[in-house]
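Working notes, structure below.
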Amino acid sequence: VTTHANRILDRAWKLQDAASYTGVLTDMLESHHIQFRTYDVTEKVERLVTQLETEWPDATFDLDLPDQQHVTGTPKLDVAPEHVLQNAVEHNDSDSPRVAVSVHSPASDAGYVEVTVADNGPGIPEQEQMVLLEGRETPLEHGSGLGLWIVNWIVNRSGGRIAFEDNEPRGSRVT
């Protein structure tokens, strides 16, 4: 009974996550006119990490942040770093989960602010990365969830781009 109850609970949480992502996605798709806002990405990251430190006390977070770093983007822009940070901890199978977050100013006025989340987990499967970067799915090549799609759409609609790298010796780097 316990095994079945745990399986039901796990599926219920996954449904709740899917419903949450679907709400964000609906808001994005229904907004024909995007009104950009300015965010202090440093403040957002610090707040998110404080929450995650409470939820995941065994995880270690290393921050490399400026005092302030303003970015302009869609009203849902703060969902992107939230999802990437949450995934970096939640899917981390290491005995000592580590997540490093850095924010770097653009090298020039035409450059991008770079927000990088690196972890020591199992990494993001190459297939997941390729589906996002190519922007299409097929019955044989598809992602396993909506989360990274939403991150990608939010970042793109905000004028940015997403990049994936392997973290050495293990894990992922999402910028």
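The values are calculated or read from the model by the stated rules, or taken from the named source; none is laboratory data. Model, not experiment: these values are computed from the prediction. Neighbour counts are summed over all protein chains in view; Cβ atoms, including those assigned to glycine, are modelled from backbone coordinates with ideal geometry. Just so you know, the surface numbers come from the protein's heavy atoms only, side chains and all, with ligands and any DNA or RNA stripped out. Shrake-Rupley method; radii C 1.70, N 1.55, O 1.52, S 1.80 Å.
Between a residue in the range 46-60 that is at positive phi and any residue that is assigned to a helix (DSSP H, G or I) and open to solvent by 100 Å² or more (accessible area, probe 1.4 Å), which pairs come within a Cβ distance under 8 Å, given they are 6 or more apart or on different chains?
Correct list of pairs: empty, since none qualify.
Can you name every residue in the range 117-141 that is modelled with pLDDT under 90 and either buried (at least 19 other Cβ atoms within 10 Å of the Cβ) or assigned to a helix (DSSP H, G or I) (or both)?
Once the filter is applied, which keeps residues that are modelled with pLDDT under 90 and either buried (at least 19 other Cβ atoms within 10 Å of the Cβ) or assigned to a helix (DSSP H, G or I) (or both), the range 117-141 yields ILE124, GLU126, GLN127, GLU128, GLN129, MET130, VAL131, LEU132, LEU133, GLU134.
Among the listed residues LEU77, LEU52, LEU85, LEU65, identify the single one that is modelled with pLDDT under 90 and either within 26 Å of ASP166 (Cβ to Cβ) or within 16 Å of the chain's Cα centre (by Cα) (or both).
Answer to the check: LEU77.
Are there strands (runs of 3 or more DSSP E) fully within the range 27-116 with at least 1 residues that are surrounded by fewer than 16 Cβ atoms within 10 Å (Cβ to Cβ)? List them.
In the range 27-116, 37-40, 60-64, 70-73 are the strands (runs of 3 or more DSSP E) which contain 1 or more residues that are surrounded by fewer than 16 Cβ atoms within 10 Å (Cβ to Cβ).
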